[in-house]
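Undergrad: Take a look at the following structure, please.
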Amino acid sequence: MDARYRSREIGRKAEDVDALKRSFLEWLVYSVGKDAKTATRRDWFTTGALSVRDRVVDRWMDTTRGVYAADAKRIYYFSMEFLVGRLLSNNLDNLGLTEVCRETVDRLGLRLEEVLEAEPDPALGNGGLGRLAACFLDSMATQHLPAFGYGIRYEYGLFEQRFDQGWQVEFPDNWLRFGNPWEFARPEVLYPIHFHGHVETYIDGAGMERRRWVGTETVHAMAFDTPVVGYGGETINTLRLWSARALSDFDFTHFNDGDYLKAVESKVLSENLSRVLYPNDATEVGRELRFKQEYFFTSASIQDILRRYMQHHKDFDALPEKAAIQLNDTHPAIGIAELMRILIDLHGLDWDRAWDITRRTFSYTNHTLLPEALESWPVGMMERVLPRHMQIIYDINARFLDSVWARSDIDTIRRLSLIDENGERRVRMGGLAFLGSHKVNGVSALHTDLMKQTVFADYHRLFPDRITNMTNGITPRRWLHQANPALSRLISSRIGDGWITDLGRLAVLKERVGDEVFQEEFRRAKRQNKKRLAAYIARHLRIDVDVDSLFDVQVKRIHEYKRQLLNLLQTVALYNEIRDNPTRDFVPVTKILAGKAAPAYHQAKLIIKLANDIGRVINNDPLVRGRLKLVMLPNYNVSQAEIIMPAADLSEQISTAGMEASGTGNMKLALNGALTIGTLDGANVEIRDHVGADNIFIFGMNAQEVQELRDQGAFDPRAVVGANPHLKRALDMIGGGAFSPDDPGRFRPIVDALLYNDHFLVTADFEDYRNSHATAVTLYRNKTEWTAKAIINTASMGWFSSDRTILDYAKHIWGVAPVLPGAGEAD
Ligand code: 26V
């Protein structure tokens, strides 16, 4: 850099630091009401967030005005979950203010990290689906796409997980307790949301038979807006979350009678709608409040979209050219019936016109093929809660089945019907989302193929152009640039920083694979990240881990299909091997696991207890000291992931083939230079294609083999166990109480599930997994070769940027174009 330019930069920075410091102190005194002496870290966080927010607002309004002036087509991303993570570091980084803020905070006598860590991590999502929505928001803003996220402002996010004697216990996540400095409450943006009541038929002035929904109970949806800062800070989009508000604060009839509790009761009941995020538990059965949440936010969002659209238009004909609504799974699929209702009942459109507009506006993403996770709602409940929507769904179904009647047999018709007639009649939300959308997408190539072959096979035959693939991606801003400053700096020192918004450029690093100096620096960055994680582990669990051991990481929700059990069985086998061979030279391994189990998912909670019990035994066994450790970290969330991902050497992606729709943790780990050990499942298949088969450890059955084995119905896990002494010994120990001497039968249910059913084929893949793991660990001895593969992994992950994913959606599903900053300004 030219010296004159640099001194100007420094001059500017000093000015910025002065200004930011003034802003900090002003907010602290006049808004938080404290002085610098008494301010806590949290106060400084609030102060910092408000100061940064000030620097966003003008450009936020510019973006909004620009899109409005251009009357551009907007993307509306409907999602029950947005797992955005902490925003202060993210916004500072995207605005290019991190260093200015570091110095500001430094002058105030604090460390930036302390302030950043005081921010609560909003946990408004369960896992992959919610985090994907957040990565998409970042990419849409960075790519200058006019986009809104629409969701629910839950008062309580996903539960906080703690371990009590190794058992998961759940605590409420009261993330708003100290206020949320990022959001703008919009008490004037308020929409009525109706429930219950009944439907009347009447003849309108033109002699047409019409329907009206009357006698309803009504709640208000109130908007809270959070700016979504794109990288570079030029385009700033909006995340609009709805909060439930009662129509009136209390019922004066009760109040005047002195019954104060009764007077506020209905307020509390209606505001329960946005109280808490549901964990994805065993099943949706009987969860009427969850269904109401889905309708609540969907209806509010559609009303908001139509209000905005009508500012420029007189009729609805152009809606599909101005609005693209993306359904993040079926949770907002009731929106299809809601838009139909509004167009037909409130605006008098005829059915065909309304249906055409609706279908061209909506599109739907499927995120899972697990049968128990496919949403369906009892017809009886829907008739009670949303009687008019139920009629519309019947009409959609009748017209659809009429159109296919002639060419389908009765079994096919049964499968195609939106109403599942097996047992209690239920509405299939996947079918509704499919029929009401012009495009339906899966989230990895394999998953999309399986959608066509399994759940949506009948629909796919009728609409062969509707299903399309959009392989997931992750934002390189949060998952490399911010989470891994060491590697990020190293990369930029060699190829410049263009990769931050054009991740494909990482491919240039492949030229450096054999470069010794680069290799050395790459290893140094990894080591630094491992030290950071080791310190975190020491602080939270008081376990010392060896930074030079292989960090073997499996972090994700605990679920049988993800097969944490396979990992634990292999750990026990390795433990036995070390004990049996006290003099052999083993590569030290640290197994790191983290993840939450749904509170009602007993088997998953038992797996957590097993991990903790095995960990306690191994970590305290002097015979394996220095060679094997097992760490289960509590309360996995986005901020913990930011510490773990950069520190991993080995990434465990070991689900039963055909069951993980995509995975995105797999991408985060590989991007940060971990080698993957995994099955050919979800996006692992595409990761292998990009990094090359030599740079990934693939093992086990593929999806087709899994399918065939299950179809044969002859799989005998006891035979497999009987023939494998390593597996047998591990299972005997677990089942016999070797890790639970206080309660020897504790893990019998786990062992029995494997021996007598093994639905997820843990035993079938065990030996191949164990061998593959041994290969990986052996390779780790060879630092040069391992590092070369790690570099190839990082360099090959460009395609997995969510920028690529989003541009694909924009082109093939939404038909939207970027609105470049400044486009809407008058000249
Ligand atoms: C929901 C349920 C509900 C009932 C019981 C079990 C169960 C299991 C999982 C789910 C979540 C389904 C939606 C979801 O989060 N899918 C994830 O989406 C990610 C983003 O596309 C993808 O990477 C993951 O593979 C997929 O599991």
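The values are calculated or read from the model by the stated rules, or taken from the named source; none is laboratory data. In this text, all values refer to a predicted model and were calculated from it rather than measured experimentally. Neighbour counts are summed over all protein chains in view; Cβ atoms, including those assigned to glycine, are modelled from backbone coordinates with ideal geometry. Protein only, heavy atoms only, side chains kept; ligands, DNA and RNA dropped before computing areas. Shrake-Rupley method; radii C 1.70, N 1.55, O 1.52, S 1.80 Å.
Undergrad: What is the distance in Å between the Cα centroid of the stretch 388-409 and that of the stretch 469-523?
TA: A separation of 51 Å, based on Cα centres.
Undergrad: Take every DSSP beta bridge whose two residues both sit in the chain, then give the antiparallel share in percent to the nearest 5.
TA: So the antiparallel bridges amount to about 45 percent of the total.
Undergrad: Related question: Karplus couplings for the stretch 217-224 from phi (6.51 cos²θ - 1.76 cosθ + 1.60, θ = phi - 60°), rounded to Hz, Gly and Pro as x?
TA: Taking θ as phi minus 60°, the curve returns 9, 10, 10, 9, 9, 10, 8, 10 Hz for the stretch 217-224.
Undergrad: With each label point set 7 Å from Cα along the Cα-Cβ vector, what nm distance links LEU269 and SER492?
TA: Each label point lies 7 Å from its Cα, and together they span 5.6 nm.
Undergrad: Suppose the chain between ASP71 and ASN576 were pulled fully straight at 0.36 nm per residue; how much longer would it get relative to their current alpha carbon spacing? Each step should come with its number before you reach the end.
TA: Values: separation 505, 0.36 × 505 = 181.80 nm, distance 6.67 nm.
Using 0.36 nm per residue and subtracting the Cα-Cα distance, I get 175.1 nm.
Undergrad: Next question, about the same structure. I need the phi-derived Karplus couplings for the stretch 341-354: 6.51 cos²θ - 1.76 cosθ + 1.60, θ = phi - 60°, integer Hz, Gly and Pro marked x.
TA: Once rounded to whole Hz, the list reads 4, 5, 5, 7, 6, 8, 10, x, 6, 7, 4, 4, 5, 4.
Undergrad: Counting only residues 5 or more places away or on other chains, whose amide H sits under 5 Å from the amide H of LEU239 once H atoms are built in the peptide plane?
TA: GLY149, THR226, VAL228
Undergrad: Between TYR394 and THR38, what is the label-to-label distance in nm when each label sits 7 Å out along the Cα-to-Cβ direction?
TA: Here the modelled spin labels are 6.5 nm apart.
Undergrad: Enter the accessible area of ARG729 (Å², nearest 10), with the probe set to 1.4 Å and all protein chains included.
TA: Accessible area, nearest 10 Å²: 100 Å².
Undergrad: Rounded to a whole number, what % of the accessible area of the stretch 457-565 do carbon and sulfur atoms account for, probe 1.4 Å?
TA: Numbers: 2120 of 4570 Å².
On the stretch 457-565, the fraction of accessible area on carbon and sulfur atoms equals 46 percent.
Undergrad: Taking 25 Å as R0, compute the FRET efficiency from the Cβ-Cβ separation of TYR536 and ALA373 and round it to 0.05.
TA: With a Förster radius of 25 Å, E is 0.20.
Undergrad: So how far apart, in nm, are the two label points at THR583 and ALA714 if each is 7 Å from Cα heading toward Cβ?
TA: 4.7
Undergrad: Same structure again: Accessible area per residue, 1.4 Å probe, Å², for the stretch 362-498: what's the number?
TA: On the way: 5080 Å² over 137 residues.
Value returned for the stretch 362-498: 37 Å² of accessible area per residue.
Undergrad: Taking H as built 1.01 Å from N, whose amide H comes closer than 5 Å to the amide H of ASN441, not counting residues under 5 places away?
TA: TYR364, THR365, ASN366, THR468
Undergrad: So, one more: Tell me the per residue accessible area of the stretch 592-662 using a 1.4 Å probe; a whole number in Å² is fine.
TA: Using a 1.4 Å probe on heavy atoms only, each residue of the stretch 592-662 averages 23 Å².
Undergrad: Can you give me the relative contact order of the stretch 1-153 as a percent, contacts being Cα pairs under 8 Å and 6 or more apart?
TA: Relative contact order here is 31 percent.
Undergrad: A follow-up question, please. Of ASP304, ASP409, which has the most accessible area with a 1.4 Å probe, and how do the rest follow in descending order?
TA: Sorted descending by solvent-accessible area, the residues read ASP409, ASP304.
Undergrad: Along the positive direction of the dipole of the stretch 469-619 (beta-carbon charges: Lys, Arg +1; Asp, Glu -1; about the Cα centre), which of ILE608, SER488, GLN570 reaches farthest?
TA: ILE608
Undergrad: Report the residues of the stretch 70-110 in range of a label on PHE463: point 7 Å along Cα→C-beta, backbone N strictly under 11 Å from it.
TA: From the stretch 70-110, the list is empty.
Undergrad: On to the next question. Quick one: putting +1 on the C-beta of Lys and Arg, -1 on the C-beta of Asp and Glu, what dipole do you get for the chain around its Cα centre, in Debye to the nearest 20?
TA: Dipole of the chain, to the nearest 20 debye: 1540 debye.
Undergrad: Let me ask you something else. Give the lysines reachable from LYS37 as a straight Cα distance under 16 Å; neighbours fewer than 8 places away on the same chain don't count.
TA: The qualifying lysines are LYS21.
Undergrad: By its C-alpha gyration tensor, with a ≥ b ≥ c as the square roots of the eigenvalues, how is the stretch 195-340 shaped: rounded for a/c under 1.5, else prolate for a/b larger than b/c, else oblate?
TA: Numbers: a/c = 1.67, a/b = 1.17, b/c = 1.43.
Since a/c reaches 1.5 but b/c is at least a/b, the shape of the stretch 195-340 is classed as oblate.
Undergrad: Could you work out [θ]222 nm for the chain from helices alone, using -39500 (n - 2.57) per DSSP H run of at least four and dividing by all its residues? Round to the nearest 500 deg cm²/dmol.
TA: About -14500 deg cm²/dmol.
Undergrad: Here's a follow-up. Tell me the carbon and sulfur percent of the accessible area for the stretch 737-827, rounded to whole percent, probe radius 1.4 Å.
TA: 55
Undergrad: With both partners inside the stretch 182-222, how many of the DSSP beta bridges are antiparallel, as a percent to the nearest 5? Walk me through the numbers before you get to the answer.
TA: On the way: 12 of 12 bridges.
So the antiparallel bridges in the stretch 182-222 amount to around 100 percent.
Undergrad: May I pose another question? Could you give the dipole magnitude of the stretch 535-658 about its Cα centre, charging the beta-carbon of Lys and Arg +1 and that of Asp and Glu -1, in debye to the nearest 20?
TA: 480
Undergrad: Here is a follow-up. Sequence gap at least 6, Cα distance under 8 Å: using those rules, report the relative contact order of the stretch 525-674 to the nearest whole percent.
TA: Computed over the stretch 525-674, the figure is 33 percent.
Undergrad: With the other protein chains left in place, how much accessible area per residue, in square angstrom, belongs to the stretch 172-299 at a 1.4 angstrom probe?
TA: 48
Undergrad: Taking square-rooted eigenvalues a ≥ b ≥ c of the alpha carbon gyration tensor, is the stretch 737-789 rounded, prolate or oblate, where a/c under 1.5 means rounded and, failing that, a/b exceeding b/c means prolate?
TA: oblate
Undergrad: By the gyration tensor of its Cα atoms, with a ≥ b ≥ c the square roots of the eigenvalues, what is the shape of the chain: rounded for a/c under 1.5, prolate for a/b over b/c, or oblate?
TA: The shape class here is oblate.
Undergrad: I'd like the Karplus ³J(HN,Hα) series for the stretch 15-26: coefficients 6.51, -1.76, 1.60, θ = phi - 60°, whole numbers in Hz, and an x wherever there's a Gly or Pro.
TA: Going residue by residue, I get 4, 4, 5, 4, 5, 5, 5, 4, 5, 3, 5, 5 Hz, with x marking Gly and Pro.
Undergrad: May I ask which residue of ILE654, ASN328, GLN453 lies farthest towards the positive end of the charge dipole of the chain, with charges of +1 (Lys, Arg) and -1 (Asp, Glu) on Cβ and the Cα centre as origin?
TA: Value computed over the given set: ILE654.
Undergrad: Would you mind calculating the gained length between GLU170 and GLU705 on full extension (0.36 nm times residue separation, minus the Cα-Cα distance), in nm to one decimal?
TA: Full-extension gain reported as 188.8 nm.
Undergrad: If you don't mind, another one. Take the alpha-carbon centre of the stretch 564-642, take the same for the stretch 64-118, and report the distance between them in whole Å.
TA: Going from one Cα centre to the other spans 36 Å.
Undergrad: Over the heavy atoms of MET632, what accessible area does a 1.4 Å probe trace out, to the nearest 10 Å²?
TA: The accessible area of MET632 comes to roughly 10 Å².
Undergrad: Rank ARG718, ARG341, ARG710, ARG359 by accessible area, highest first, at a 1.4 Å probe radius?
TA: ARG718, ARG710, ARG359, ARG341
Undergrad: Would you tell me the accessible area of GLU705, worked out with a 1.4 angstrom probe on the heavy atoms of the protein chains, in Å² to the nearest 10?
TA: Counting only protein heavy atoms, GLU705 exposes about 80 Å² to solvent.
Undergrad: Related question: Amide H neighbours of LEU550 under 5 Å, at least 5 residues apart or on other chains, H built in the peptide plane: list them.
TA: Residues meeting the criterion, in which the H sits 1.01 Å from N, are VAL589, THR590.
Undergrad: Ignoring ligands, DNA and RNA, please state the percent of accessible area on the stretch 183-228 from carbon and sulfur, probe 1.4 Å.
TA: Carbon and sulfur: 52 percent of the exposed surface of the stretch 183-228.
Undergrad: A follow-up question, please. Got the relative contact order for the chain handy, in percent, Cα pairs under 8 Å and 6 or more residues apart?
TA: Relative contact order of the chain: 14 percent.
Undergrad: Sticking with this structure for a sec: Rank these residues by their accessible area, most exposed first, probe 1.4 Å: TYR459, TYR202.
TA: Working: TYR459 10, TYR202 55 Å².
Most to least solvent-accessible, the answer reads TYR202, TYR459.
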